[in-house]
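See below for the structure under consideration.
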Amino acid sequence: MTNTKPPAVEIDAITKSYGETTAIRGVSMDVRDGEFVTILGPSGCGKSTLLRMISGFAEPTTGDVRIGGKSVVGLAPYKRDTAMVFQDYALFPHRTIAENIAFGLRMRKVERAEIARRVDEMLALINLSGYGGRRVSEISGGQAQRVALGRALVVRPSVLLLDEPLGALDMKLRKQMQAELKKIHRELGLTFVAVTHDQEEALTLSDRIAVMNAGSVEQFADPETLYRRPATRFVADFVGGANLIDAEVGPAGALLFRGLPLSGIGSDAVKDRAIGDKVSLVVRPECVATSALGGQAPGPAIEAMVTEVLFSGAVQQIVGRLADGSLFVAHEQGLKPPPERGSTVLFHWDGSLSWLVAR
Amino acid sequence: MSARPRSPQERGGFALLSLYAVLIYLFLYLPIAVIVLFAFDAKPIPGLPLDTLTTGWFVEALRDQKLTGSLLTSLRLAVVSAILSTLLAMPAAMVLAWLPIRFKSLVMAMVLGPVVLPQLVLGLGLVILLRSAPDLVGEPAIILAHTTITSSYATLILYSRFLGFRRSYIEAAMNLGASELVVFREVILPLVRPALISVFMLAFTDAFGEFVVAWFVAGFTETLPITIWTSLRQVISPKVYALSSVIILVTLAISLVSQLWVIRQTRLTSKVQTS
Ligand SMILES: Nc1ncnc2c1ncn2[C@@H]1O[C@H](COP(=O)(O)OP(=O)(O)OP(=O)(O)O)[C@@H](O)[C@H]1O
Ligand SMILES: [Mg+2]
């Protein structure tokens, strides 16, 4: 990544209000050229609104949007070099598959022979060669998804926007399309900005993920960082699912859970925090194991009453209830005999894998 | 469902329902059938029983310049009114369906006014208005009146169609580089064409047959309904029956074909695949 190109998309201190409601409250982020960025967040957090401001269907109340270094605020959608894959695909029902794909090229006044060539090329890329003459009503959902993708890609936009592109597909097709999307991104080298509320999809597809909550970006980072070093309690919970121990920083590097120090927490875990800070300890279930009470745990540990054991072969999920009522989950390997339901056991983990966030 | 043996009670109910349906259709189509039948009656004053049949009245009707003249006038005026009312209704319906406007239900209620207003009232009102514009009496006034009446429900019908129109088609087209005008030409127009045609046909038949309001503002213009009405005062010539039967059959055929076409088009363009 040694190019000197300006970022493909720059979102600069954007806010967006609809009358009383504020949909976006101060978002800034850059998307590098050729990057696959996903905007991830729960329903209603403003993902689509952000995308619509890039494509020109909504204007920011304050702030600036730049595409390829040039501000596009006030520029009509059809004058922006973005192409979008709509959640409902929005394929034109009165046109064939080939005509749908050709639409953007016709608008760009590309000559006939060239259009035919590029449409064929695109049909091949999306694995629909021979389907060009079909009507939109004559193809399946997965095929419609690929046509929507092809129709947007064929104009070679400087940014491809995807609003929940796989949202309407069933699980299996979804997985398959994720792989195809990733492959197409790699092959074409275009900039992709996608929106989803499926964290697994975001983790699989993206170079970087912007996690949004209630109109703000809580963290913008690569998938590994998001998962291993979440910046906020929300990110920790939303991305990957985590055990969260709500605690308070005590004197001498201790972490107090309900007033008592948690065992096995090293003092460097709390080194940047002040006494009295309210924090949450993020512990991913896959690094947690259980053992009988009174034993010597190798790292940090906490007592919990086992409420549920969910066995699914290779992995079994052991759900415990902490003293403060919150749940704590361990993913243990299926070969190990599980603790009994109703018994109180020790949940312990490798202290280097847990992580503290502000609360 | 139908294979199940019916109880006597059910059978009685079914018979009653059939009888009811037959009566309804008789009620609807008997006057039409009578007209068509009498068109073939050889007697100069048609009536039952029918002894000798003839097709001569059809020829006579076409020779009658007063009759054919008023038919052409009616056709011409109805086409103009239907075009005008469709053209007026479309943008209004687009605005009502797609743009956030204040007092929408009030606006809608007012649009509906000319439909719910008794036609006598409308006719009377127009007569008073036309006193200040006597030049308009006749064809312009008839067109004006019929456009008013038909455009009001044309707007409502198109409005309900446009409500179901997916905005993402428009956004998709714009996103791919189509300006507002191109979006209209390439996406909106083809997709709402069936609705436009059915609204046009409805407005046309309505304007073609409308008598009351036209009567008020016609002046010396004779539309077909006016000519027929006038001829009622004398003995009704079988020519009128002949012409009427032709109109009935053509109208039925057109409305049938156009309905079938619209249904087919709508099916072709509205079937949308999700997963
Ligand atoms: N045109 C609008 N007028 C008023 N409020 C709006 C409008 N568009 C969006 N909002 C509000 O802005 C907020 C963000 O909406 P947005 O559609 O961006 O959410 P989202 O993250 O895409 O959600 P989802 O995952 O459900 O699609 C919501 O509270 C929504 O109600
Ligand atoms: Mg959305």
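Things worth noting here:
- Any hit, region A:280-292, residues being open to solvent by less than 60 Å² (accessible area, probe 1.4 Å) and of a type in the set (Lys, Arg): yes
- Counted residues, region B:97-117 - those being farther than 17 Å from residue B:163 by Cβ and exposed (fewer than 11 other Cβ atoms within 10 Å of the Cβ): 4
- For the criterion of being within 16 Å of ligand 1 (Cβ to nearest atom) and in the same structural domain as residue A:45 (by TED's automatic domain parsing), residue A:179 fails.
- Applying the criterion of at least 1 residues that are open to solvent by 40 Å² or more (accessible area, probe 1.4 Å) and within 16 Å of ligand 2 (Cβ to nearest atom) to the strands (runs of 3 or more DSSP E) found wholly in region A:1-79 leaves A:9-18, A:21-31.
- Region A:80-103, residues that are within 20 Å of residue A:163 (Cα to Cα), open to solvent by less than 50 Å² (accessible area, probe 1.4 Å) and touching a Gly at 6+ places or on another chain (Cβ under 6 Å): A:80, A:101
- The lone criterion from (1) touching an Asp or Glu at 6+ places or on another chain (Cβ under 6 Å); (2) open to solvent by less than 10 Å² (accessible area, probe 1.4 Å) left unmet by residue A:193 is number (1).
- Residue count for region A:151-172, restricted to those that are open to solvent by 50 Å² or more (accessible area, probe 1.4 Å) and either within 9 Å of chain B (Cβ to nearest Cβ) or at pLDDT 95 or above (or both): 1.
- For region B:126-147, the condition holds for at least one residue, the condition being that it is closer than 17 Å to residue B:215 by Cα, away from chain A (no Cβ under 14 Å), surrounded by fewer than 17 Cβ atoms within 10 Å (Cβ to Cβ) and among the acidic types (Asp, Glu).
- Residue list for region A:199-211, restricted to those being in contact (Cβ under 8 Å) with a residue 12 or more places away in the chain, open to solvent by 10 Å² or more (accessible area, probe 1.4 Å) and within 16 Å of ligand 1 (Cβ to nearest atom): A:199
- Output for region B:70-82, where each listed residue is open to solvent by 30 Å² or more (accessible area, probe 1.4 Å) and either modelled with pLDDT of 95 or more or not hydrophobic (A, V, I, L, M, F, W, C) (or both): B:76, B:79, B:80
- Only one of B:96, B:77 that is in contact with an Asp or Glu (Cβ under 9 Å, 6 or more places away or on another chain), more than 18 Å from residue B:237 (Cβ to Cβ) and assigned to a helix (DSSP H, G or I): B:77
- Selection status of residue B:156, under 27 Å from the mean Cα position of the chain (by Cα), part of a helix (DSSP H, G or I), away from every other protein chain (no Cβ under 14 Å) and of a type in the set (A, V, I, L, M): yes
- For residue A:252, the conditions (1) out of contact with any helix residue (DSSP H, G or I) (no Cβ under 6 Å at 6 or more places or on another chain); (2) on the phi > 0 side of the Ramachandran plot; (3) part of a loop (DSSP other than H, G, I, E, B) all hold with the exception of (3).
- The residues of region B:220-247 that are touching an Asp or Glu at 6+ places or on another chain (Cβ under 8 Å) and among the β-branched types (Val, Ile, Thr), listed by number, are B:221, B:230.
- Qualifying strands (runs of 3 or more DSSP E) (wholly inside region A:319-359; at least 1 residues being closer than 12 Å to residue A:306 by Cα, at pLDDT 90 or above and of a type outside the set (Phe, Trp, Tyr)): A:327-333, A:344-349
- Flag for residue A:220 being assigned to a strand (DSSP E or B) and open to solvent by 10 Å² or more (accessible area, probe 1.4 Å): yes
The values are calculated or read from the model by the stated rules, or taken from the named source; none is laboratory data. Owing to the predicted nature of the structure, the values given are computational and were not obtained by experimental measurement. Neighbour counts run over all protein chains shown; Cβ positions are idealised from the backbone, glycine included. Side chains included, ligands, DNA and RNA excluded: accessible areas come from the protein's heavy atoms. Shrake-Rupley method; radii C 1.70, N 1.55, O 1.52, S 1.80 Å.
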